[in-house]
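Peer 1: Before we start, here is the structure in question, set down as structure tokens.
The values are calculated or read from the model by the stated rules, or taken from the named source; none is laboratory data. Treat the numbers as computed from the prediction; the structure is a model and nothing was measured. As a convention, Cβ positions derive from the backbone with ideal geometry for all residues, glycine included, and neighbour counts pool all protein chains shown. Side chains are part of the model used for accessible areas, which takes the heavy atoms of the whole protein and leaves out ligands, DNA and RNA. Shrake-Rupley method; radii C 1.70, N 1.55, O 1.52, S 1.80 Å.
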Amino acid sequence: MKVTISRFDPDTGEPPKFVEYDVSVKKAARVLNVLDAVRDTIDPGFAYRHCCRGGQCGSCAVRVNGEPVLACMQEAREGDVIEPLELPRIRDLVTDIAPVMAQIAWMNSGCDCTQVTQQEIEEIKPLRECIECYSCISSCPAISVSDYKGPTIMRQEQRLNLDPRDKGDRILEAIDKGLFSCTTCHKCVEVCPKEIETPRKAIEKLRAEAAKRGLSLPAHKALAALIEKTGRSVERKEPTFLERVADVIEPEGEVRATVGFFVGCMFNGRVIQPALDAMEVLRKNGIRVIVPKDQICCGSPLIRTGLSGFLPELQKRNIDAFVKAGVDTVLTICAGCGSTLKNDYDTPFRVVDITEYLCELGFKIPEKVEGTYTYHDPCHLLRGQGISEQPRILLDSVAEKFVEMPARCCGAGGGVKSGLPEQAAAIGAIRAEMVKETGADYIVTVCPFCEFHLHQVTGLPVKNIATLMLEGYRKQEK
Amino acid sequence: MGIENTKDCHVLVIGSGGAGIRAAVEAETFGETIIVSKTITGKGGCTVMAEGGFNAVLNEEDSIQTHFEDTMRGGAFLNDELLVQTLASEAPNRIRDLFSWGAVFDLKEDNTIAQRPFGGQRCARTCYAGDHTGHELVMTLLEKLRGSTVEIENEVTVLDLLSDDGKVNGAITCDREGELGVITADAVILATGGAGQVYDTTTNSTAGTGDGYALGYRAGAQLIDMEQVQFHPTGAVTPYDSRGRLITEAVRGEGGFLKNALGERFMTKYDPARMELSTRDVVARAIATEVLEGRGTEHGGVWLDVSHLPREHIEIRLPIMLNQFLQFGVDIRNEPMEVAPTAHHFMGGIKITPEAQTTVSHLYAAGEVTGGVHGGNRLGGNALADTQVFGKRAGIAAGKTERTERRLDMDQIRAAENKLASYYEGTAKSADIRRAMKTTMWNNVGIYRNELDLKVAEREIKKLQNTRLLIASPRELSDAVITENMLLVAQLVIEGALLRRESRGAHTRTDIKQSWTNETSPFGHTFFVKGKSGIEILEDRL
Ligand SMILES: Cc1cc2nc3c(=O)[nH]c(=O)nc-3n(C[C@H](O)[C@H](O)[C@H](O)COP(=O)(O)OP(=O)(O)OC[C@H]3O[C@@H](n4cnc5c(N)ncnc54)[C@H](O)[C@@H]3O)c2cc1C
Ligand code: SF4
Ligand code: SF4
Ligand code: FES
């Protein structure tokens, strides 16, 4: 089997280099077995970590083809490119994890008490299976641009916070370690071998407790106050989407389906045109759209920032609005709203993203629109809703030229853009570099926050996928 | 002396599994303590891999006496009674320590500690944290350790112990880059775990190379019962590189059937009463016999089948097994798992007193590196308890050791340096030597043993010991020393197996007929001390 391994020898003063190896391994060998073969048959000085060989100790995490994995669990494939985690490097695949370990909080059991209840234990468990592999640290977009200590550090803070035996003030500590820097991109969950849901089960919970103690960021408090006052996270500067459209938007031609439409604050009040474009796209595809006018903010900004006091009220009003409208499917065009309705609500109706729905129902093929396009996966669509293929199918059908770009958070989410704008810009700058590498003229995405932010950091035109589709349809009609 | 990197402390702990960390947090209360491990602290060794649980008597129906008896019977009465008494009576308080330090073990609805039944025990006495009890134990201990003043040294391998006038007073170390160092101390604790890695097929982590047996032996400590190696009956067979990986006993506990290649539930022949739920040694021997007699699978295993159980039952009760096998393309809801015995636990090791004192002054030991607690066969759940009970005791005893004046034996250091330097002129690669040793041990010193095979193995290991190891860079130094340690361990296992002319516990001699039972055996421990080995004869039973 041929693989490429990134080698690094600090003694030579030379930068890391990729070396190709051809080793023989048995069927179904893991990446670790390939590394063993290189050490045992080619270079006994090759450095990498391993111990349990069974996904239990977390020693062996490396990146394979860019993504962190446990070498002992990942099946090796011809042509794999194996690199160390993105942490300071010591030699070959060995990284310096000591500074990360030093940040992991310990138990401060001020008493001799052994008192803990079954319920408390059950609550701690989901945060407890961490094997300290640091895959999440390696791939968190917030760490490299701020003082944020990282996902598993927050996981441990909340694990201790939930434990009555611990006497530390974990909220202050978490804030000190960068609690508000997380964009809730969920990359850490994606790479975690134990599937630990740090953003939802630790970070948002810690933020909620910080909020109760009045420790939220000023910008977040202001946003929450605005939502409570107006039902919207965006101030009204011009006639909103809801004010502009009819209650029912009839499609062109035969009615193939009926959906309720959830617009979300950004599309309702700040970037309105893409939402209007989306209505046109739905019309052209035979979809009747019902727009309940009493819908309000989905509450995502409240949940992500922990200021969720007003949330139950929002949830109830939104669910009531769509139940009253009598729809069984509610369509969103905002990745954030979609993810929130799908994951943080218990809805009596189905929630779908526009890309998901068009692909499922079948869509009218538009004419190609000229230009080179790349696609930015919104975190809340890719990881929040598991949708990555559908937008690409739509794009392939309409873009003259489509170039892929690996997914990476743009920095706008989780209240970071409002609360820590400089950090959002710094994450965005990294994303801008990646966009530049693709050579694309346009960025396409399905999230108004990403859209807005990416435009700021790249200076390039960012199009909503609906807008692009509509251009294709218009061209066709000409 | 070429060694510039020196450190000093009151207590030096070698190894950071359950026993090492427990010892370190205890020793710290007496004076400056350093803990070194050849891996990242806590991640090394086998503690973090333990799944099943931790034995402790916690409720009315159970008793310390019953725990004692179960352990003695399970151990084929080869156990050291005082050590077993200590284990049984202190395990409950050690689990309470863990709880006060933040352990997240499973609780019952009434908030008391949950316990499950385990093989060979008359009461449900095994405390657990799902199926990752060892991981939980290590996490709890790490939370305690990180908050202590213990100095933590990661990825530093101890190459040899140092002594002065018969008292151990430090160790020679080697870091990741191959730089040598010396750590001096008033007392040293060995907590280096077992040596499953001397076998081709093992459940052990890659750190399970038995360094502590070799370190202790070279420093003059007595070892006992090295022939007693537990083979877990159910290790994975395929894919090749995953062979030996533990398939938890819970699979049989949940109602799995063992079948040979002919589809027969062969346990009817070996233990019709307990069938699949028989003890580890019986099941391991049964599987080995089926395979030896030609009724095994193509890969030399047998089938472990749960496909007759309701699908949901498998999904709820054996999620980790289900997922692990799915990863390898086997859906255990529909098809059987292929299993075979795998080297699991060393019951033998360094002889200790209940105070964890070895036969050498200022040297203490705890955990799998010691012998005597588990006799000839360890009960599931007793090893984790062992690490905590004797880890604490070693910490205290070492902590109380009188402070001594430091005198480094320069001759010893120079000799070590010269020996290490000679590796650059050797001829054989560590990897090749290890492969040859593992195969020999597996083929000749496995579940069934006889004099002929053992003699062959003895010659083969001797030959490997006489081959000079070759390294190309200082970074391979520790590996070379570890290879020599493994060869020494292999040698002791073979010696013990030859000395013990009976079948007892995990040790089965097919070439010897015996007229006694475990309780009436005229033999005591096998013992090994610098160039001398033998077996205790209990005169009154002759
Ligand atoms: C897969 C598996 C499952 C198990 N399940 C259970 C169970 O459910 N219940 C139970 O009671 N027991 C179980 N056991 C047995 C039990 O886990 C071990 O016996 C016990 O954990 C050993 O602990 P220890 O502290 O002695 O050594 P280990 O945990 O093995 O730690 C050894 C330490 O020594 C260090 N070390 C070794 N050599 C050197 C050196 N030369 N220099 C520096 N450092 C060194 C290593 O880095 C490591 O930190 C299981 C074992 C395995 C392999
Ligand atoms: S959600 Fe994203 S930003 Fe937040 S901790 Fe995880 S990886 Fe980092
Ligand atoms: S949270 Fe998951 S990814 Fe992060 S260190 Fe722990 S196990 Fe690894
Ligand atoms: S070697 Fe332990 S997790 Fe891979």
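Peer 1: I'd like the full set of residues that are within 10 Å of ligand 2 (Cβ to nearest atom) and touching a Phe, Trp or Tyr at 6+ places or on another chain (Cβ under 6 Å), limited to the stretch A:165-217.
Peer 2: A:Gly178, A:Ser181
Peer 1: Suppose the filter is away from ligand 1 (no atom under 16 Å from the Cβ), touching a residue at least 24 places away in the same chain (Cβ under 8 Å) and open to solvent by 20 Å² or more (accessible area, probe 1.4 Å); does A:Pro126 pass it?
Peer 2: So A:Pro126 fits the description; yes.
Peer 1: Pick out the one residue from A:Leu87, A:Leu32 that is more than 9 Å from chain B (Cβ to nearest Cβ), under 25 Å from B:Pro474 (Cβ atoms) and of a type outside the set (Val, Ile, Thr). Steps first, answer last, please.
Peer 2: Numbers: A:Leu32 fails: more than 9 Å from chain B (Cβ to nearest Cβ).
That would be A:Leu87, the only listed residue that is more than 9 Å from chain B (Cβ to nearest Cβ), under 25 Å from B:Pro474 (Cβ atoms) and of a type outside the set (Val, Ile, Thr).
Peer 1: Among the residues of the stretch A:166-192, write down those that are within 14 Å of chain B (Cβ to nearest Cβ) and open to solvent by 50 Å² or more (accessible area, probe 1.4 Å). Full working, then the answer.
Peer 2: Filtering the stretch A:166-192 for residues within 14 Å of chain B (Cβ to nearest Cβ) gives A:166-168, A:170, A:173.
Listed by number, the residues that qualify are A:Lys167, A:Glu173.
Peer 1: Please give the number of the condition B:Gly196 fails out of (1) in contact with a Ser or Thr (Cβ under 8 Å, 6 or more places away or on another chain); (2) surrounded by fewer than 24 Cβ atoms within 10 Å (Cβ to Cβ).
Peer 2: So the condition that B:Gly196 fails would be (2).
Peer 1: Right, A:Val145: aliphatic (A, V, I, L, M), surrounded by fewer than 24 Cβ atoms within 10 Å (Cβ to Cβ), assigned to a loop (DSSP other than H, G, I, E, B) and more than 16 Å from ligand 1 (Cβ to nearest atom) or not?
Peer 2: Against the criterion (aliphatic (A, V, I, L, M), surrounded by fewer than 24 Cβ atoms within 10 Å (Cβ to Cβ), assigned to a loop (DSSP other than H, G, I, E, B) and more than 16 Å from ligand 1 (Cβ to nearest atom)), A:Val145 qualifies.
Peer 1: Right, next: A:Leu172: at pLDDT 95 or above, part of a loop (DSSP other than H, G, I, E, B) and more than 30 Å from A:Ser388 (Cβ to Cβ), yes or no?
Peer 2: Taking the combined requirement at face value, the residue does not satisfy it.
Peer 1: Go through the stretch A:199-212 and report how many residues are closer than 24 Å to A:Arg383 by Cα and open to solvent by 10 Å² or more (accessible area, probe 1.4 Å).
Peer 2: 5
Peer 1: If you don't mind, another one. Considering the stretch A:52-67 alone, what residues qualify as being away from chain B (no Cβ under 14 Å) and not aliphatic (A, V, I, L, M)?
Peer 2: Result: A:Arg63, A:Asn65, A:Gly66, A:Glu67.
Peer 1: Can you tell me which of B:Thr133, B:Thr126 is in contact (Cβ under 8 Å) with a residue 40 or more places away in the chain and within 12 Å of chain A (Cβ to nearest Cβ)?
Peer 2: None of the other options fit; the residue is B:Thr133.
Peer 1: Being in a loop (DSSP other than H, G, I, E, B) and open to solvent by less than 40 Å² (accessible area, probe 1.4 Å) is the filter here, so list the residues in the stretch B:64-108 that pass it.
Peer 2: Taking the stretch B:64-108 first, the residues in a loop (DSSP other than H, G, I, E, B) are B:75-80, B:101-106, B:108.
Passing the criteria: B:Gly75, B:Ala76, B:Leu78, B:Asn79, B:Trp101, B:Gly102, B:Ala103, B:Val104, B:Phe105, B:Asp106.
Peer 1: Looking at the stretch B:206-260 only, could you name the residues that are part of a strand (DSSP E or B), open to solvent by 10 Å² or more (accessible area, probe 1.4 Å) and either within 11 Å of another protein chain (Cβ to nearest Cβ) or among the charged types (D, E, K, R) (or both)?
Peer 2: Those that are part of a strand (DSSP E or B), open to solvent by 10 Å² or more (accessible area, probe 1.4 Å) and either within 11 Å of another protein chain (Cβ to nearest Cβ) or among the charged types (D, E, K, R) (or both): B:Leu246, B:Lys259.
Peer 1: Then there is this: Taking the stretch B:136-154 as the search range and keeping residues that are crowded, with 20+ Cβ neighbours inside 10 Å and in a loop (DSSP other than H, G, I, E, B), which one is nearest to the other protein chains (Cβ to nearest Cβ)?
Peer 2: Per the criteria, the residue is B:Asn154.
Peer 1: Could I ask something else about it? Taking B:Glu264 as meeting all but one of (1) at pLDDT 95 or above; (2) open to solvent by 50 Å² or more (accessible area, probe 1.4 Å); (3) under 30 Å from B:Arg122 (Cβ atoms); (4) not hydroxyl-bearing (Ser, Thr, Tyr), write down the number of the exception.
Peer 2: (3)
Peer 1: So for the stretch B:473-495 (the condition being hydroxyl-bearing (Ser, Thr, Tyr), more than 24 Å from B:Gly446 (Cβ to Cβ) and open to solvent by less than 50 Å² (accessible area, probe 1.4 Å)), does at least one residue qualify?
Peer 2: yes
Peer 1: So in the stretch B:166-200, with the set limited to residues that are of a type outside the set (D, E, K, R) and farther than 21 Å from B:Ala24 by Cβ, which one is farthest from ligand 1 (Cβ to nearest atom)?
Peer 2: First, pick out the residues of the stretch B:166-200 that are of a type outside the set (D, E, K, R): B:166, B:168-174, B:178, B:180-185, B:187-199.
Remaining after also requiring farther than 21 Å from B:Ala24 by Cβ: B:166, B:178, B:180, B:195-199.
Details: B:Gly166: 22, B:Gly178: 14, B:Leu180: 13, B:Ala195: 10, B:Gly196: 7, B:Gln197: 10, B:Val198: 13, B:Tyr199: 12 Å.
Only one residue fits best here, namely B:Gly166.
Peer 1: Can you work out which of the residues in the stretch A:350-379 that are of a type outside the set (S, T, N, Q) and assigned to a helix (DSSP H, G or I) is most open to solvent (accessible area, probe 1.4 Å)?
Peer 2: A:Glu360
Peer 1: Could I ask something else about it? Looking at the stretch B:49-68, can you tell me whether even one residue there is within 16 Å of ligand 3 (Cβ to nearest atom) and touching a residue at least 60 places away in the same chain (Cβ under 8 Å)?
Peer 2: Looking only at the stretch B:49-68, we keep the residues that are within 16 Å of ligand 3 (Cβ to nearest atom), and these are B:49.
If we keep only those that are touching a residue at least 60 places away in the same chain (Cβ under 8 Å) too, we end up with B:49.
For the stretch B:49-68, residues within 16 Å of ligand 3 (Cβ to nearest atom) and touching a residue at least 60 places away in the same chain (Cβ under 8 Å): present.
Peer 1: Moving on to the next point. Scan the stretch B:346-367 and give yes if some residue there is open to solvent by 10 Å² or more (accessible area, probe 1.4 Å) and either within 16 Å of ligand 2 (Cβ to nearest atom) or under 18 Å from B:Ala50 (Cα atoms) (or both), otherwise no.
Peer 2: no
Peer 1: Do you know which of the residues in the stretch A:99-117 that are assigned to a helix (DSSP H, G or I) and open to solvent by less than 50 Å² (accessible area, probe 1.4 Å) is farthest from the other protein chains (Cβ to nearest Cβ)?
Peer 2: If we take residues in the stretch A:99-117 being assigned to a helix (DSSP H, G or I) and open to solvent by less than 50 Å² (accessible area, probe 1.4 Å), then A:Val100 is farthest from the other protein chains (Cβ to nearest Cβ).
Peer 1: Hey, can you tell me all the residues within the stretch A:102-139 that are near ligand 3 (Cβ under 9 Å from one of its atoms) and out of contact with any Asp or Glu (no Cβ under 6 Å at 6 or more places or on another chain)? Don't jump to the end; show me each part of the working.
Peer 2: Within the stretch A:102-139, the subset near ligand 3 (Cβ under 9 Å from one of its atoms) is A:127, A:129-139.
A:Leu127, A:Glu129, A:Cys130, A:Ile131, A:Glu132, A:Cys133, A:Tyr134, A:Ser135, A:Cys136, A:Ile137, A:Ser139 - these are the residues of the stretch A:102-139 that are near ligand 3 (Cβ under 9 Å from one of its atoms) and out of contact with any Asp or Glu (no Cβ under 6 Å at 6 or more places or on another chain).
Peer 1: Within the stretch A:162-204, how many residues are of a type in the set (D, E, K, R) and over 24 Å from A:Glu67 (Cα atoms)?
Peer 2: Number satisfying all stated conditions: 10.
Peer 1: What single numbered condition from (1) open to solvent by less than 60 Å² (accessible area, probe 1.4 Å); (2) away from ligand 1 (no atom under 16 Å from the Cβ) fails to hold for B:Gly294?
Peer 2: So the condition that B:Gly294 fails would be (1).
Peer 1: A:Cys133 versus (1) more than 9 Å from chain B (Cβ to nearest Cβ); (2) out of contact with any strand residue (DSSP E or B) (no Cβ under 8 Å at 6 or more places or on another chain): which is the lone unmet condition?
Peer 2: (2)
Peer 1: Just name the residue that is farthest from ligand 2 (Cβ to nearest atom) out of those in the stretch B:26-47 that are open to solvent by 10 Å² or more (accessible area, probe 1.4 Å) and not in a loop (DSSP other than H, G, I, E, B).
Peer 2: B:Glu26
Peer 1: Could you tell me how many of the residues in the stretch B:172-205 are under 22 Å from the mean Cα position of the chain (by Cα), away from chain A (no Cβ under 14 Å) and assigned to a strand (DSSP E or B)?
Peer 2: 3
Peer 1: Separate question: I'm told A:Glu120 meets every condition in (1) open to solvent by less than 50 Å² (accessible area, probe 1.4 Å); (2) not in a loop (DSSP other than H, G, I, E, B) except one. Can you identify the failing condition by its number?
Peer 2: With respect to (1) open to solvent by less than 50 Å² (accessible area, probe 1.4 Å); (2) not in a loop (DSSP other than H, G, I, E, B), A:Glu120 is out only on (1).
Peer 1: Could you tell me which residue of the stretch A:60-95 is nearest to B:Gly44 (Cα to Cα), considering only residues that are within 15 Å of ligand 3 (Cβ to nearest atom) and open to solvent by 40 Å² or more (accessible area, probe 1.4 Å)?
Peer 2: Once the filter is applied, the top-ranked residue is A:Met73.
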